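Worksheet for the structure shown next.
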2 protein chains.
Amino acid sequence: MRRLAILGSTGSIGQQTLDIARAFPNRFKVIGLAGGKNTSLLAKQVEQFQPQLVYSALNLSLPNKVKFLSMEEMASHPEVDIVVVATAGKTGLAPTLAAIRASKKIALANKEILAMAGEIVTAEANRHHAQILPIDSEHSAVWQCLRGEKAEVARLILTASGGPFYHHSLSQLANVTAEEALRHPTWRMGKKVTIDSATLMNKGLEAIEAHWLFSIPFSKIEIVIHPQSIVHSLVEFTDGSLKAQLSFPDMHLPIQYALSYPKRLPNSELPRLDLVQVNSLAFEPVNYDNFPCLKLALEAGKKGGTYPSVLCAADEVATELFLANRTSFFGIAEIVAKTISLHRGTANPALDEILGAYTWARETALKLACEESLCWKQ
Amino acid sequence: MRRLAILGSTGSIGQQTLDIARAFPNRFKVIGLAGGKNTSLLAKQVEQFQPQLVYSALNLSLPNKVKFLSMEEMASHPEVDIVVVATAGKTGLAPTLAAIRASKKIALANKEILAMAGEIVTAEANRHHAQILPIDSEHSAVWQCLRGEKAEVARLILTASGGPFYHHSLSQLANVTAEEALRHPTWRMGKKVTIDSATLMNKGLEAIEAHWLFSIPFSKIEIVIHPQSIVHSLVEFTDGSLKAQLSFPDMHLPIQYALSYPKRLPNSELPRLDLVQVNSLAFEPVNYDNFPCLKLALEAGKKGGTYPSVLCAADEVATELFLANRTSFFGIAEIVAKTISLHRGTANPALDEILGAYTWARETALKLACEESLCWKQ
C-alpha cells in the first residue's frame, strides 16, 4: 500500500490522480490533499478520500479529525510515501524540495519546478536519494523507453502535437483568440498548459525538464511535430535503434505508471490504442518562425542560471494577459523576449536568487507589457 | 572479445554478420565459418577472416592450418562464445541443439528452428542456460521493447510490410510471378524468405517463433500491416502502454544488437532514421483471405506438435516450385494446405518425429503437387 499526498488535487492532474487512487483502493491510500482556489471540490475530495492531512489555500471548514498543515509539512510528513506534485507555476517548488529532503518519491507534473530550478532540484534529489518520477506524457515516454537500458543514448526526440494552430500562417496566428487556443485538438488540460501548448512554450519547458531529468545536453534533444499525440516521445540509442512509447492521449496512464512503478497495473478504465484504427502516425518538422516561444525557451534553457526562471515568470504574466484577451498570440512571445532581454542572469543561482529573478520578471513583464503597448487596456 | 561461429556465412544474414565483425575488430573475432553451395564466397571469407574452424557443404581447398569439422562440432566448440545460426530451412536445427547443449549464446536468424522445434529448442535452452538472441527484425524489436520490463505483457504486435502484393486483388494475386515476388519493397533478403514475405507465410512463422521465444500464447500475438517497415514490432503492456522499436529497415542493426547485447555499439555505417523524412507511419489490418499462407501458419502453430514442421517442409517445396515458375501464388497455399490435411499430427514430438514429419511432408507435397495438377510440368 503506497500512501499518497497530492499537491494540487483539484487541478486536472490532481483529479486524474484521484481517479487512479479510486481504481486501486488496495494499492494506493490518499493520506494528504492540498488544493488551491477550488475549495468546494477540495471539500468533496476530502469527504470521499478521508485524508488525515489537508492543506487549503483558502479557508475551508472540515471535520475535526483532519489536520491542516502547510504543503511543505505535508510533502515531508513521515507517513507519506509518494508526493504527487500537480501544482501550477512556482507554487510546488518549496514543497518539492521539502519532499526531496525527506527522501520521498516525487511524482512530478508541475513543469516549472525542473524548468526553473532543475540544477538545484536534481542535485538535492541525488544527495537525498529521492526519486523523481515524471508524470508528463513526454517524460514518462522517455522514462519508459530508457527502462532497462544503459546510458547509451544518442538523442531524445520529444513529440509535440503542435496545438490547435500548427498549420496557421503568421497572419492567421496574429489574430487567434484565447477561446480558440483553449480548444486543444488532442489533450484536455488546464488553461495555462493549454495556452503553452498552443504557443509551443510547453515543449521548450519540457526540453529543459528533460535536460535535467535525464542528464542529457540540449544538443541531444530534438523536437518533432506529431499531430495525433499517440507517440509520446522516442529515444534513439547509440546503435541507431529507436524506442517509442505509444498510447491513447490520456494522462491517467503516465500518472498510474509513476505511482505503480516499477509495476504496471492492468486498468480496464484506461483507453486502449488500436493502431489500425489510428491508421497513420504523422511527423513534421518544427516551424520555429511561427512559434517564437519555443525558441525563447530553448535559448533560456541553454543559457541556464536564472534565465529559465525569468522565462517561466514572464510566460505566466503573458499567458494571463492573453487569456484575459489583453494581448495577442505574438504578444506572449514579445513580452517574454523583452523581459528576458532586460534580465542580467546569475550562473549557478541559489534558490532565493531563482525566486528573486521570478518575482523581478513577473513585475517587469507586467510593467513593460503596459508601457510598450504589448497589452490592451481592460 | 567475443568469438563467433557463423553458420550460413555466405547467405544474406551471414554476409551482414561479417560486416558487423569487420566494423568491430576489437570486439568480435570470427573463429568459425560454415557455408553451403557458394564455395567461392566461402573461400574469400576464409581468406579475409582467417577462422580456425571451417565447414563447407561442398569440397573446398583451403590452407592447411584450417580445421574442417561438422556444423555440430563447430557450434559446440569450446572456443566459440556466440553461434550465429544464419542457415536456411532445417539445416540449422541439429547445430543449434548442439550449441544449446554446450550452453552457447545463439544468435538466431533461421526461422524454421523455432517454428519446427520450438518446444524442444526452448526447453533445452532453459535446461542448459543457453541464451537465444533473436536476429529477425520483428523479434529483435520485441526483445528490445521487453528489455527491463517485467512479465506484464498484454499483446505482442508483429508488423508486416505486406510484401510487394499487399494491395493486389485476388485475381491479380493469381497471376503474379516469382520475378515480381522477388522485388520486395523494403527489405533485401534471400529468395526463400522474400517469397515467404510475399505470401505472408514468413509472418506466420514469426508468430510461431515469438510464441516460443517469449512464452506467449497465440491469443496475445497480433499482426498488423505496416508497409514502411520502420516500426519493427510493438509490445502492449498490461497497463495499456505500448513500446515500439523503430529503425531504417536494415538487418545490420538487429544482427549487431544480438552480438553486442546487452551493450549497444555506435556504428556510423548503420543508416539513421529521420522521422520527419519518413513523414508518416501507416498501419492496416491483415487481409487473411488474400494471404492464406498466413492463416495456415497460425493454425499449424496453434495445433503444435508436428504440424509446424509439416508446414515448413511443404512451404519449402511449394516456394521452390513457385521460384521455378512451376506453380502459382495460390498454388503455394494449396500445396501447403493439402499436405497439412493429409498429416496425422503427433503431440509433444521428439526430434526424430519432427524430422520424420518434415521428410514425409516434403515428399508428400512434391507428390501431390504433381498428381493434383498444382504444379506445371518443366
**OP:** Determine whether the range A:116-136 contains at least one residue that is modelled with pLDDT under 95, within 17 Å of the chain's Cα centre (by Cα) and under 30 Å from A:Met1 (Cα atoms).
**Re:** no
Original post:
Of the residues that sit in the range A:228-260 and are among the charged types (D, E, K, R) and over 15 Å from the mean Cα position of the chain (by Cα), which one is farthest from A:Ala207 (Cα to Cα)?
Top reply: A:Asp239
Subject >> Sole residue being buried (at least 23 other Cβ atoms within 10 Å of the Cβ) and either more than 27 Å from A:Tyr307 (Cα to Cα) or in contact with a Pro (Cβ under 7 Å, 6 or more places away or on another chain) (or both), chosen from A:Ala181, A:Ala151 >> reply: A:Ala181
**OP:** Just give me the residues in the range A:263-292 being of a type in the set (Asp, Glu) and either more than 7 Å from chain B (Cβ to nearest Cβ) or more than 16 Å from A:Tyr166 (Cβ to Cβ) (or both), in sequence order.
**Re:** A:Glu269, A:Asp274, A:Asp289
Subject >> Boolean, B:Glu209 is under 27 Å from B:Asn290 (Cα atoms), among the charged types (D, E, K, R), buried (at least 16 other Cβ atoms within 10 Å of the Cβ) and away from chain A (no Cβ under 14 Å) >> reply: yes
Original post:
For B:Gly35, are the conditions met, namely being out of contact with any Pro (no Cβ under 7 Å at 6 or more places or on another chain), small (Gly, Ala, Ser) and closer than 20 Å to B:Tyr358 by Cα?
Top reply: no
**OP:** Keeping to the range A:27-70, report how many residues are assigned to a strand (DSSP E or B), modelled with pLDDT under 90 and of a type outside the set (D, E, K, R).
**Re:** 1
**OP:** Return only the number of the condition from (1) buried (at least 18 other Cβ atoms within 10 Å of the Cβ); (2) out of contact with any His (no Cβ under 6 Å at 6 or more places or on another chain); (3) within 21 Å of A:Gly118 (Cβ to Cβ); (4) more than 14 Å from chain B (Cβ to nearest Cβ) that A:Ala258 does not satisfy.
**Re:** (4)
**OP:** State whether the residues of the range B:289-303 include one that is touching a strand residue (DSSP E or B) at 6+ places or on another chain (Cβ under 8 Å) and aliphatic (A, V, I, L, M).
**Re:** yes
Original post:
Among (1) touching a Gly at 6+ places or on another chain (Cβ under 6 Å); (2) under 30 Å from A:Gly148 (Cα atoms); (3) of a type outside the set (Phe, Trp, Tyr), where does B:Ile157 come up short?
Top reply: (1)
Subject >> Residue match in the range A:77-91 (condition: under 30 Å from A:Lys303 (Cβ atoms) and free of Cβ contacts under 8 Å to residues at least 40 places away in the same chain) >> reply: no
Subject >> Residue in the range A:142-175 that is nearest to A:Leu294 (Cα to Cα), counting only those that are facing chain B (nearest Cβ under 9 Å) and of a type in the set (A, V, I, L, M) >> reply: A:Ile157
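Yes/no per residue for (1) more than 25 Å from B:Ala174 (Cα to Cα); (2) within 22 Å of the chain's Cα centre (by Cα); (3) aromatic (Phe, Trp, Tyr); (4) in a loop (DSSP other than H, G, I, E, B):
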site	(1), (2), (3), (4)
B:Ile335	no, yes, no, no
B:Ile340	no, yes, no, no
B:Gly345	yes, no, no, yes
B:Pro349	yes, yes, no, yes
B:Ala357	yes, yes, no, no
B:Ala369	no, no, no, no
B:Ser373	no, no, no, yes
**OP:** Of the conditions (1) without any contact (Cβ under 8 Å) to a residue 40 or more places away in the chain; (2) on the phi > 0 side of the Ramachandran plot; (3) surrounded by 18 or more Cβ atoms within 10 Å (Cβ to Cβ), B:Asn279 clears all except one; give me its number.
**Re:** (3)
**OP:** Six or more apart or on different chains, Cβ under 9 Å: which pairs go from a residue in the range B:128-139 that's more than 12 Å from B:Leu253 (Cα to Cα) and in the same structural domain as B:Ile100 (by TED's automatic domain parsing) to one that's surrounded by fewer than 21 Cβ atoms within 10 Å (Cβ to Cβ) and among the acidic types (Asp, Glu)? Could you list them?
**Re:** B:Ala130/B:Glu124
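Results for (1) of a type in the set (Lys, Arg); (2) in contact with an Asp or Glu (Cβ under 7 Å, 6 or more places away or on another chain), shown as yes or no for each residue.
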{"residue": "B:Thr199", "(1), (2)": "no, no"}
{"residue": "B:Lys203", "(1), (2)": "yes, no"}
{"residue": "B:Ile208", "(1), (2)": "no, no"}
{"residue": "B:Phe214", "(1), (2)": "no, no"}
{"residue": "B:Phe218", "(1), (2)": "no, no"}
{"residue": "B:Glu222", "(1), (2)": "no, no"}
{"residue": "B:Ile225", "(1), (2)": "no, yes"}
Subject >> Within the range A:244-255, tally of residues that are more than 7 Å from chain B (Cβ to nearest Cβ) and touching a residue at least 24 places away in the same chain (Cβ under 8 Å) >> reply: 6
Original post:
In the range A:6-16, is there at least one residue being modelled with pLDDT under 95, in the same structural domain as A:Leu97 (by TED's automatic domain parsing), of a type in the set (Ser, Thr, Tyr) and assigned to a strand (DSSP E or B)?
Top reply: no
Original post:
With respect to B:Ile20, is the statement that it is under 19 Å from the mean Cα position of the chain (by Cα) and not in a loop (DSSP other than H, G, I, E, B) true?
Top reply: yes
**OP:** For B:Ser233, indicate whether it is touching a strand residue (DSSP E or B) at 6+ places or on another chain (Cβ under 8 Å) and more than 7 Å from every other protein chain (Cβ to nearest Cβ).
**Re:** yes
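Of A:Ser233, A:Ser260, which residue is under 25 Å from A:Ile20 (Cβ atoms), in the same structural domain as A:His167 (by TED's automatic domain parsing) and of a type in the set (Gly, Ala, Ser)?
A:Ser233
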**OP:** Only residues that are over 17 Å from B:Gly148 (Cα atoms) and buried (at least 19 other Cβ atoms within 10 Å of the Cβ): list them for the range A:230-245, please.
**Re:** A:Ile230, A:Val231, A:His232, A:Ser233, A:Asp239, A:Gly240
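The values are calculated or read from the model by the stated rules, or taken from the named source; none is laboratory data. Quick caveat, the model's predicted, so the values are computed rather than measured. Glycine gets a Cβ as well: all are built from the backbone with ideal geometry, and neighbour counts include every protein chain shown.
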